[in-house]
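Structure, as structure tokens:
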Amino acid sequence: MAFVITRLCRDCVDQSCVSICPVDCILEFRGEDPHREFPNQLYINPEECIDCGACEPECPWEAILEGEDVPDIFKDDIALNARTVERPNDFAVPEVIDKIVPSPEQVRANKHKWGLNE
Amino acid sequence: MQTLISYSKMLYMNRTRVTFRVDPKLAAALRQVPNQTRFVERALKDALGKSCPLCRGTGRLVGGALRVSDFREAALPRLERAAAVPLKGLVRFGKRMQATDLELEGRPGGQDVEFRIARDEETLLSGRLDTNRGAVHLN
């Protein structure tokens, strides 16, 4: 199963994963979104993903997981990432902009915000 | 005489006249060639027989996506950062060369990964990726 970018990415969007992905399968949404279906986060195209795992440790927000490791409360994110396959023209590889690395407290707070308590 | 006429007819059967314009210098050079028809025929056949491997003589690139081996299916170890960067380079090379496949295979007993970039049956580049150091060794 391909890797998945979970909602922990939303509004954080570090993009370190984009630089490291060998096959450019990490994308941003660029289409029309009248029904607000596509939140501000990155997405992995599961058909392009080669399961190399290089992206997972790159994300400072720990937002990337293998498909089978996605917790139940984030299971909807698997299907959300898969939308990249049905709307290929609405997604593209983003231009990478350096972001400030979050502190451990910020990472914990982000997880808590999304209901992931460790 | 009748034999000569028949022989001439045979020579020109299934032949089509082709006329084209060239610059004067080329025309002068061609006039020096003893058998111009045969020379031009051979030159044309030679050029037409060597079509571009990328566009296959069509003038348009019709390449599909590059298929890269799946790490899980190939039972490859997780890709470390050091090796991800050169692998990205190999993928980009493959796409530029209109390759169809980037095959990856683990080497027994080691962390190295053998790779082969191919366009259909033709190998364009092969070697191994040292996943610890991120070095690429070509065959």
When the range A:24-39 is checked residue by residue, the ones that are open to solvent by 10 Å² or more (accessible area, probe 1.4 Å) and touching a strand residue (DSSP E or B) at 6+ places or on another chain (Cβ under 8 Å) are A:L27, A:E28, A:F29, A:R30, A:G31, A:F38
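Of all residues in the range A:61-80, which are under 19 Å from A:Q15 (Cβ atoms) and within 14 Å of another protein chain (Cβ to nearest Cβ)?
Once the filter is applied, which keeps residues that are under 19 Å from A:Q15 (Cβ atoms) and within 14 Å of another protein chain (Cβ to nearest Cβ), the range A:61-80 yields A:I64, A:L65.
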Any residue that is within 14 Å of chain B (Cβ to nearest Cβ), out of contact with any strand residue (DSSP E or B) (no Cβ under 7 Å at 6 or more places or on another chain), surrounded by 15 or more Cβ atoms within 10 Å (Cβ to Cβ) and within 30 Å of B:L129 (Cβ to Cβ) - is there at least one of those in the range A:1-18? yes
Residue that is at pLDDT below 90 and either within 30 Å of A:P46 (Cα to Cα) or open to solvent by less than 60 Å² (accessible area, probe 1.4 Å) (or both), where the choices are B:P86, B:P77, B:P53: B:P77
Select, from B:L129, B:L79, the only residue that is assigned to a strand (DSSP E or B) and within 11 Å of chain A (Cβ to nearest Cβ). B:L129
Could you please let me know if A:V101 is under 22 Å from B:K88 (Cα atoms) and either part of a helix (DSSP H, G or I) or of a type outside the set (K, R) (or both)? no
Go through the residues of the range B:108-116 one by one and say whether even a single one is within 14 Å of chain A (Cβ to nearest Cβ), polar (S, T, N, Q) and open to solvent by 30 Å² or more (accessible area, probe 1.4 Å). yes
Quick check: is even one residue across the range A:81-100 closer than 14 Å to A:L8 by Cα, open to solvent by 80 Å² or more (accessible area, probe 1.4 Å) and in contact with an Asp or Glu (Cβ under 8 Å, 6 or more places away or on another chain)? no
Need pairs with beta-carbon distance below 9 Å; first residue touching a residue at least 40 places away in the same chain (Cβ under 8 Å) and within the range B:101-119, second open to solvent by less than 90 Å² (accessible area, probe 1.4 Å) and among the small types (G, A, S); sequence gap 6+ or separate chains. B:R119/B:G63; B:R119/B:G94; B:R119/B:A99
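The values are calculated or read from the model by the stated rules, or taken from the named source; none is laboratory data. Bear in mind the structure is a predicted one, so any value in this text is a computation, not a measurement. Note: ideal-geometry Cβ built from the backbone for every residue, glycine included; neighbour counts use all protein chains shown. Note: accessible area is taken over every heavy atom of the protein model, side chains too, but ligands, DNA and RNA are not part of it. Shrake-Rupley method; radii C 1.70, N 1.55, O 1.52, S 1.80 Å.
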